[in-house]
Structure formats: structure tokens, C-alpha cells
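*Asks:* Let me begin by handing over the structure; questions about it come next.
The values are calculated or read from the model by the stated rules, or taken from the named source; none is laboratory data. All values reported here derive from a predicted model rather than from experimental measurement. Note: ideal-geometry Cβ built from the backbone for every residue, glycine included; neighbour counts use all protein chains shown.
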Amino acid sequence: MLSIDCPHCGQRDETEFVCGGEAPTGRPPPDASDDIWTDYLFGNANPRGPVHERWLHAFGCRRWLAVERDTVTHRILSVRDFADAIGHRP
Amino acid sequence: MSGFRLPSHPRNQARALPFRFDGRALEGRDGDTLAAALLANGAGIVGRSFKYRRPRGIVGHGFAETNALVQLGTGAGSTPNLLATRIPLTSGLEARSVRGWPSAAFDVGGIVDRLSPLLSAGFYYKTFIWPHWGLFEPAIRRAAGLGHAPVQPDGDRYEARERTCDVLVIGGGVAGMAAALAAAEAGAKVVLVEADPWLGGATGAEGASRLAAMERAVVDSPDIALMRRTTAVGYYDHNLVAACEEVDSPGLRQRVWKIRAGRCVLACGALERPLLFGGNDRPGVMLAESVRHYLARHGVAAGRRPLFVTASDSAYRAAIEAKQAGLDVVGLVDLRDAPGPLAEAVRTLGIELLVGHDAVRTRTRRGRVSGLDLLDRSRGRSIEVECDLVAMSGGWTPAVQLFSQSGGRLRYEEGIGAFVPEQSVQAERSCGAARGVLDLDACIADGRSAGLWAATGKEPPPVVRVEGERAAFRLPGAAKAFVDFQTDVTVADMQQATCENYRSVEHVKRYTVWGMGTDQGRLSAVNGIAVLAHLQGRDPGAVGTTRFRPPFAPVAFGAIAAGRPAGALFTPWKRLPAHDWHEAQGACFEDHGWLRPSHYPRGAETMAEAAARETLVVRHGVGLVDSSSLGKLELKGPDAGRFLDLVSLGSASRTAIGGARYNLLLDELGILFDDGMVARLGADHFLLTTGSAHAERTRRWLEQCLQCLWPLDLVVQDVTGLWATFTVAGPRARSVMERTGCDVDFSRDAFPHHRIRLGEVAGAEIRIVRASFTGEISFEISVRADQATSLAEYLMLCGEADEIAPVGLEGLDVLRLEKGYFHIGSDTDSRTMPGDVGFGSAVTRKPGDFIGRRSLLHPAASASRRPQLVGLQPVDPEAVVPIGAHVVGSAPRRSRGVVTSSAFSPTLGRSLGLALVEDGRAAIGSEVELWSEGRSWRARIAERTAYDPTGARLDA
């Protein structure tokens, strides 16, 4: 069971979180092509190694977190609040 | 085999404990394990094997056991398949062998062994094919299996606990104790778990004094939390170790621990390997270390005349201790060509030492060992040795199960003929016998450096392993040399699997069932790999191991479930705030996540009759519906309107204060996932209602959009539980409301359809929404949840003159069907887009971006043959078509859709339905066939709204 260091709550067990899958790099603009939009909806890099994911601390601060996780070792490389990670907050 | 108790051992003076085994009354001593007590009573046969039902005796001790499986206790508390070697003897203990009838010693099924030439690997797969496996399965299943799981609920109590520590040491042998002490000295908080009630592991007489000193230091250390009788069973990500503590007190049977450790030291020790020779499974063949264990720990001799057979140095010490305990040691057979370093000591004690001999096959008398045939390799001569106990040692297999579970990589170590940890993935290190270090001094030194590493993180210097020579592997020639005792897999089975081209170790395992017993191959894995490697002409390291999976030892289901809600708490009902009031009204309830009233039968009414009456009450008078389960989310902040515009199909920002609109929520695929009302309470304050089942999911979805897509200035709060809502619906609803004395003007002009008003009734603050799911005038009145019953009673009082009656979900479902209103999730599916349910124009009309918009512009969204929601009117007005029936086209005959809602309308006196039908809107007016489970009906496709299509009643 993973142990995730929530930036708001501290080190917590995986059972408090919900994995939201690979984090998309950004919502395409309304006039994006079908290909770009389809890739946004369904495309996953599914890498062997570090992957950027979105995790919800559902039984904690209820914040979405940007988690970088190595799919081989399950090591957590970084955890940030998602809004901070995409530059939504200073 | 004729075990007995040593008179001189202190255990002999311990309190006598009566117990029963297979119905026989026996006596043991306080401190015995069940296995020790059985051996002391001379019990030879304690079980029957899985397939051939061969008699089997105790082969080992602790976890190194595979034959002595017992069923403990009777009734609900009975537990199958426990290792007799791990059960502490208690007074009155009742145990049965899990195989064999009427008893293990005399088993009528033993005849199967005579048929064994027919029962080779893959026998079932090849034999029970024609005409059908199902024909044979019941009989085979009856004959198979081990103990019996009780059918009653488990009456025992279990507990789940968590703890964290700097350093977790698994195993309380000398290596583990050395690691714990070193880590504690370096300042770490240490937890030491040990499966046995005692410390010391496999350390024999030669280490007794050092052992005692270390044990004292461990017990006295304030920084070491010692957990005895606690078995680490699983190693999970990020150094989480699950351990099961045997408490066995009247109030608590087991406690499951989840231990999160900063660093972990694996000092799990090693298990002795059996040797492969003919009849090596006979009662009276034991592991040499186990013979020594029973002598030293329990003062029990497993036999009077033991013969030791060994492939390495380790059994020398066991032979010496047996001789010193007074047993008539027949001899020590070393399979190697040269004797070990303790040869002189053995000879001095008068033990005959035979070097360069092979064990060929056991001889038996009445099922038990009476001798062993040896082959003198240099002279090519057979020798027959008489004995009542064969104590064998094939070398040591490090217990790498937990290491392997942690993700670490193993390596085959030629020196010990087994697999050892090679590369760690998590913050753990193995030490001592668990990594192939067998010498006592080296184990202590290895444990110390692992403990230092665990406390400080500094890599320790490697400890030099001290190893002797090991006998070369020779494939036994005799029949029935068993690799896996419990699952009855012989060397011959593996030869056959190899002939049939099974090469992968995982495939051979499944084909022969080698290693698939309750011990998960603890004793058999390495021997099996050695046989396969020999047969395939490969290195054992190249053959590799099968995967080790948790749990290392069986754990009771009750312990796994400990700390989790069970029974009524497993998925607790959500009860409406006025639940008791509904009960007093005689409501019947349905499970919708919430317990909601389905109908309120009067007299002998059936559900259909009550629902019909309640439907007509709303159509012609006034009804009261509890709508409290509808989700209620409040959005507040300067950007609340803008945010709602982005996440829904409606345009909340253009709603006037006091206005309310019907609203659809889509996901990014453009698929409908919730609907409800959006009401504007203030310039920056909105109320969003959701379906009863959708509140939590919708709140989560809005939060996700807010945090990850549009970080706007607002907050979303779920207030579902804070408010109770009652809906007064029907043509006389206004009359009821006007009688409440509420300060809101209920006239048509002041409070038209789709508005929200705040007010006060009888001193209570209320919110009233005019929205309708019935097609009649409706007022949805919300109060603080704790005032729910008062409100219901007051509304019933105010409605007395209008003969108001409570209405349940069944009636409500008919009412909404008559109007063609849909339920998201039952009338829509995972492909339904707004255009499919008649909201296409809302998409094109709405300016600006919103969730799902881009997907609705994709060609797939406007492709032909999309399922569209339409009404159905069966040609036979009495026929209520089952939901799920197929809509069948004419030619070709194939399913073009499904019926999603169906009921008899008492208002219209005919049956009605809704269906998702390919290009359904274009088919309105045509007749189709409906089909379900062999029955069929004719029906006309119609507009969805069957009653009051103009909505005149709604706006009255």
C-alpha cells in the first residue's frame, strides 16, 4: 500500500486516496481538432517509469494532487496540490 | 516411529494437559505444541495425503510442516487446515486430522494409493473429458479438499491495528535479535515480530548461553517493542507489512497489524529441505532439525533409534544432540564423498558415520518406517539399515517469501543450493539464515550490520558466508520419491510433465499441483526446481522460482475482515429524516441507497393497487412526496454562475434571482450523467439539485472541475443532509399551501412555475421550489432536517380538507412516465447525449464552451442509428411490457433498442413505456415488435409525453 505525502495533511495511506489516472496535460481549446480532442479523452502514455497522475485525497483535505509515481518501483517522486502544479495558484 | 518424552527434560515436570486427537483421549504438557504432544504419545500417522491418501506423519516443526494439518474445535469456531506444529497445546483441545475417514490411522480411502500408477500428473485433465467434466465433478470435489469450513458465522472476535516504527525486524532468531539490538543502540524505535512464543529460532545447544543474554537484552530494551506469536504474512508497497498476532484470549482470537516501517530487516531464517528418496514421505521420516527441535525445546524424542541422513554439515549437530539426549542413534549417513568438520565429534560419541552413501528407499512396517535402504556408491552395494526414525537434511532454504513479495530479485546460490535475496527494491535488508548465512557467529554479525543499516541508512560491510560442501544433486531412481508431500507430487510426475513439454516453472506447478498446497511450497519449492533443472539440463537459477504471494501463512477470514464494517454496517441504509413518520403512515420501503417509501398500502391493497390510487390522488387531488434524498449542492462565490455555465448544459448565469431552471450535467464525452434544478438564491449564490443517487458523485465532479480545470472564485458544498424536502403535488397543492400561513404569495402570478422562494412557516425557515416531476403543480418545500417530521405532520394537517395523502416512489414513477420525464441512468445509458433525449437545441443555442461540448460536435454525436428516447404505447392497452424487452425491427430482425420504463397508467387506462430506439424520433407513429424471453408484443412508437402534452396543468 502506497504512502503518499499529502502537502496539506502529511504522510497518509493509499486507502485515503482515489487515483484519478494519468493527468492530462491541459484541456484543448474548443476549436481543437477531432484528433487532439480524442487524444485528450482517451490517450494515455502508460509509461514504464515515472508517470504524472492525479490523486484525490478523498478522505482527507479533498484536494486533487499532482503525483509523480514510478510505475516500476512504485516510488512517489513528487506530490503537489494540482492547482499549484498547473499554475492556477501563485 | 515410537516417540516418547525424555524423563530428564524440565518439560516432563510441567502441568499435564488432556486433549483429544481423532477422538482418542491423550495427554500432553503445558508448553507443548500439538505436534510435540502427539509425538510424545507415539502418534505416527497424523494425516492422509491429498491424492493417494498415503499415511503421513509429522515431518517438521513450526512453519516447516506440510503433513500435520488438523481441524481444530467443533461447530462455528472450528478451524480447518491448521499446522499441528504451530498450535500451542491447551487443556481440552480437540483436533482431527483433515484427511482420512474414519481416522487418519485407519482410512478406508487408502485403497487409492494402490491405484496410483493410474493417477499421474494431469490425470483429471485427460480422463474426465468424455462426455462432460460436469458429470464427474461432484464426485471428485467430494473426494478432494482438506478440512471443512464451518457454515455458521464465525463467533470469534478479531481486531485490526496499525503502527509505525523506524525499524521493523521480522524474525526473533539470533540474527533478528542482533539486528534489533544494534538498531536500538543506534537510537531507532524498533518493532520485533516473532511468530513463535519464544525467541531464538533455530539456534541449538552450542549457542544457548549467547542466546539467553541476547534475549534478556531484547526484552529489557525500552526501544524494542517485542511482539511474540506475531507472524508477518505480507510485504506491500512502501514498507507496509501485515502481521497476524495470535491472541487466543476469550475476548479476542487474532489481531491484524499493519506496520509501516521506515526500514525493515528480514531475519526470517531458513527452512530445512527434505531429501529425495523412495518413500521419503512415510511416517517416521522427519527433518533432522525438527528432531533436534523436539528434543531440545519440548523434551520429546520422535523415535528411539534414529538414523540421520544429510547432504551437508548441518545434521551432524542434530545427531550429536540426539546421542547426548540418550537416543540410540543408528548412524549418520553423509551423501557426500568426504565427511564434514564435525566427523570426529560424531565418531567419538560412538555414532557410526557412513560417507558416500545414497538413501534409496524406506522400509515400512504397518505404515511406519522400519528401516532405510542405502547404496554404497563406491562399492555399488546395497545396505539395509534398521531404524524407527529417519532424520534427513537436504540443506537449508532461506525463507525469502517476504523479500520476494517486497519486489526484490532472487539469485540462485550454488553454495547452499537455494535462492537468496539479490537486489532490494524497497527499504529492506535480509540477514542471517534468510540470506543463506548459517554459521552462528556470522549470523550475529550479519544481524548487527543489518540493524545498523536500518537505524542509520549507512550500507554495512558485507559479511562473509561460512559454508561447507554440499552433496551433488542426484535424481532418485526409486518410485515415489515425493517432492511435495501435501499435494502428492513425485519426481516421476515432474518427469512426466517434462516429457509432455512443460518447461516453465509456473506451468509445471499448475500441471502437477506442486507447491499448491496450504504450505505454498515452503518445503517443496527448491527440491522441485532442482529436479526440473536436472531434467531440463539447466541451472536451477535459470529455471527460477514461482511467484511468492501473500499471505506467507494462512490468515483467518475474520482477521482479514477485522476493522471493516460487517453485517448491517457493511452498506448502512441512508434513512430519510422523517423515516419514523413514514413508518407510522404504514409505508413500505425500497432500497435506493436511501430507504424510501415505495407506497402506503391501505387495508389489503397490493403494491400496484396502492400505486394506482396514489397516482390518481396526485392527478385529481393532492399528494405528499418525501423528496429529501434529492441531492442539494450550494455554490457560492462571485464566479458561481460562470462556473455553472461551464459545467452544465444550462445557463445559470442568465437566471434571474428567484428563478429556477431544469439543468443537465454532461461529462467530457458529452454523455448525460445527472439532471436537476438550478435555482438562484442570490447574485453569487446557487442551489443545484441532483438525482438521489448522484449527490456525492456530482459534488466530487464539480470539485474536480473547480480544482483541475477552472480555478474560479467559489465554493461548492453538499447540503443534502442538512435539508429535508417534502413535495406537495396536485391540482389542489396551492390550496394546501395557502392554508399553511406561510408568508409567501402562492398565487399563479406571484409564484409561477420554475421559481424559488424563501419564507417562513410556523416559525421555521423554508425554501420552496416550484418544479414538477409529476406534471401537476408542485411545491418542493425544504426545512432543516430535524424539522422534517413536524413539516410532514403540518402539511398533512393543512391538506386535510383537500384529502391530502402520502405518495410513494411507485406512484411517482407512474406519474413521471405519463409525462415522459426520464430517469438518468435508467432511461439513458452510457451513450446517451442531450440530442438523444430531445435537448439537441439546448446544445446549439448555448453560447460559449462547456463540459462535453467539444464531444457533441464530433461526427459520432450526430451519426445515424443513435438510440433516441421515445414513448411506447402497446397495442394491447393491458399489456405491461417488461423493462429490458427488445425493440425488434421488421427486416432484418435484430434488436434496435430496449424498453427502459414500463407501467400501467391508471390516469389514461392503458399501459405506457419509454424506450431507447435507433433513430427513434423518425419512427414515431410506426408499429414495432417488442420481444422478451420468448414472448412478444406489438407497440406503437409515440411521443414521450402521453399526458397533458401542452403542459397546461403544470402552469395552472
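*Asks:* How many residues does the stretch B:559-581 contain that are over 29 Å from the mean Cα position of the chain (by Cα) and crowded, with 17+ Cβ neighbours inside 10 Å?
*Replies:* So the answer is 5.
*Asks:* Now for a separate question. What pairs come up if the first residue lies in the stretch B:430-443 and is assigned by TED's automatic domain parsing to the domain that holds B:VAL526, the second is assigned to a helix (DSSP H, G or I) and surrounded by fewer than 24 Cβ atoms within 10 Å (Cβ to Cβ), and their beta carbons are under 6 Å apart, counting only those six or more places apart or on different chains?
*Replies:* So the pair list comes out empty.
*Asks:* Would you check if B:LEU624 is in contact (Cβ under 8 Å) with a residue 60 or more places away in the chain, closer than 18 Å to B:LEU815 by Cα, buried (at least 21 other Cβ atoms within 10 Å of the Cβ) and aliphatic (A, V, I, L, M)?
*Replies:* Details: in contact (Cβ under 8 Å) with a residue 60 or more places away in the chain: yes; closer than 18 Å to B:LEU815 by Cα: yes; buried (at least 21 other Cβ atoms within 10 Å of the Cβ): yes; aliphatic (A, V, I, L, M): yes.
When the stated conditions are applied, B:LEU624 passes them.
*Asks:* Pick out the one residue from B:THR727, B:THR740 that is in contact (Cβ under 8 Å) with a residue 24 or more places away in the chain, assigned to a loop (DSSP other than H, G, I, E, B) and β-branched (Val, Ile, Thr).
*Replies:* Numbers: B:THR727 fails: assigned to a loop (DSSP other than H, G, I, E, B).
Every option except B:THR740 fails the conditions.
*Asks:* Same structure again: Where in the stretch B:209-318 are there strands (runs of 3 or more DSSP E), lying fully within it, with 1 or more residues that are within 14 Å of chain A (Cβ to nearest Cβ)? Outline the logic, then answer.
*Replies:* On the way: elements: B:224-227, B:230-236, B:240-249, B:252-266, B:270-272, B:285-287, B:306-310.
Passing ranges, in order: B:230-236, B:240-249, B:252-266.
Okay, residues lined up against (1) touching a helix residue (DSSP H, G or I) at 6+ places or on another chain (Cβ under 8 Å); (2) at pLDDT 95 or above:
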| residue | (1), (2) |
| --- | --- |
| B:LEU342 | yes, no |
| B:ARG379 | no, no |
| B:LEU402 | no, yes |
| B:GLY408 | no, no |
| B:TYR412 | yes, no |
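*Asks:* Of the numbered conditions (1) more than 28 Å from B:ALA242 (Cβ to Cβ); (2) at the interface with chain B (Cβ under 9 Å from one of its Cβ atoms); (3) buried (at least 16 other Cβ atoms within 10 Å of the Cβ), A:ASP13 satisfies every one except a single condition; which is it?
*Replies:* Every condition holds for A:ASP13 apart from (1).
*Asks:* While we're looking at this one, here's another question. Is it the case that B:GLU245 is within 30 Å of B:ALA561 (Cα to Cα), of a type in the set (D, E, K, R), surrounded by 24 or more Cβ atoms within 10 Å (Cβ to Cβ) and in contact with a strand residue (DSSP E or B) (Cβ under 9 Å, 6 or more places away or on another chain)? Even if it seems obvious, please write down each step before you answer.
*Replies:* On the way: within 30 Å of B:ALA561 (Cα to Cα): yes; of a type in the set (D, E, K, R): yes; surrounded by 24 or more Cβ atoms within 10 Å (Cβ to Cβ): no; in contact with a strand residue (DSSP E or B) (Cβ under 9 Å, 6 or more places away or on another chain): yes.
Taking the combined requirement at face value, the residue does not satisfy it.
*Asks:* Another question, if that's okay. As an exercise: evaluate A:ASN44 against (1) more than 9 Å from chain B (Cβ to nearest Cβ); (2) of a type in the set (S, T, N, Q); (3) in contact with a helix residue (DSSP H, G or I) (Cβ under 9 Å, 6 or more places away or on another chain) and give the number of the one condition it does not meet.
*Replies:* With respect to (1) more than 9 Å from chain B (Cβ to nearest Cβ); (2) of a type in the set (S, T, N, Q); (3) in contact with a helix residue (DSSP H, G or I) (Cβ under 9 Å, 6 or more places away or on another chain), A:ASN44 is out only on (3).
*Asks:* Okay, next question. Determine whether the stretch B:673-684 contains at least one residue that is crowded, with 21+ Cβ neighbours inside 10 Å, under 39 Å from the mean Cα position of the chain (by Cα) and within 14 Å of another protein chain (Cβ to nearest Cβ).
*Replies:* No; the residues of the stretch B:673-684 include none that is crowded, with 21+ Cβ neighbours inside 10 Å, under 39 Å from the mean Cα position of the chain (by Cα) and within 14 Å of another protein chain (Cβ to nearest Cβ).
*Asks:* Something else now. Regarding the stretch B:334-348, can at least one residue be identified that is surrounded by 24 or more Cβ atoms within 10 Å (Cβ to Cβ) and charged (D, E, K, R)?
*Replies:* Yes, that holds for at least one residue.
*Asks:* Going through B:VAL888, B:VAL807, B:VAL875 one at a time, which residue ends up being closer than 27 Å to B:ARG953 by Cβ and either in contact with a helix residue (DSSP H, G or I) (Cβ under 6 Å, 6 or more places away or on another chain) or surrounded by fewer than 19 Cβ atoms within 10 Å (Cβ to Cβ) (or both)?
*Replies:* It is B:VAL807.
*Asks:* Listed residues B:ALA183, B:ALA195, B:ALA205; which is farther than 23 Å from B:ARG522 by Cα, modelled with pLDDT of 95 or more and away from chain A (no Cβ under 14 Å)?
*Replies:* Details: B:ALA195 fails: farther than 23 Å from B:ARG522 by Cα; B:ALA205 fails: modelled with pLDDT of 95 or more.
Exactly one of B:ALA183, B:ALA195, B:ALA205 is farther than 23 Å from B:ARG522 by Cα, modelled with pLDDT of 95 or more and away from chain A (no Cβ under 14 Å), namely B:ALA183.
*Asks:* Can you name every residue in the stretch A:4-27 that is modelled with pLDDT under 95 and farther than 21 Å from A:THR71 by Cα?
*Replies:* Within the stretch A:4-27, A:GLY26, A:ARG27 meet the criteria.
*Asks:* If a residue must be under 30 Å from B:PRO55 (Cβ atoms), in contact with a strand residue (DSSP E or B) (Cβ under 6 Å, 6 or more places away or on another chain) and of a type outside the set (Phe, Trp, Tyr), how many such residues does the stretch B:439-490 contain?
*Replies:* To start, the set of residues in the stretch B:439-490 that are under 30 Å from B:PRO55 (Cβ atoms) comprises B:471, B:473-490.
In the following step, the residues that additionally are in contact with a strand residue (DSSP E or B) (Cβ under 6 Å, 6 or more places away or on another chain) were identified as B:478, B:480-483, B:489-490.
Retained after the next criterion (residues that are of a type outside the set (Phe, Trp, Tyr)): B:478, B:480-481, B:483, B:489-490.
Within the stretch B:439-490, residues that are under 30 Å from B:PRO55 (Cβ atoms), in contact with a strand residue (DSSP E or B) (Cβ under 6 Å, 6 or more places away or on another chain) and of a type outside the set (Phe, Trp, Tyr) number 6.
*Asks:* Taking strands (runs of 3 or more DSSP E) that do not extend beyond chain A, which have at least 1 residues that are in contact with a Gly (Cβ under 7 Å, 6 or more places away or on another chain), free of Cβ contacts under 8 Å to residues at least 60 places away in the same chain and not aromatic (Phe, Trp, Tyr)?
*Replies:* Details: elements: A:3-6, A:10-13, A:18-22, A:50-56, A:64-70, A:76-81.
Those strands (runs of 3 or more DSSP E) span A:10-13, A:50-56, A:64-70.
*Asks:* Counting only residues that are under 26 Å from B:GLY621 (Cα atoms) and either among the polar types (S, T, N, Q) or touching a residue at least 24 places away in the same chain (Cβ under 8 Å) (or both), how many does the stretch B:915-956 have? Spell out how you get there, then give the answer.
*Replies:* Of the stretch B:915-956, the ones under 26 Å from B:GLY621 (Cα atoms) are B:944-956.
Within this subset, residues satisfying the condition of being either among the polar types (S, T, N, Q) or touching a residue at least 24 places away in the same chain (Cβ under 8 Å) (or both) are B:944-948, B:950-951, B:953-956.
Residues meeting the conditions: 11.
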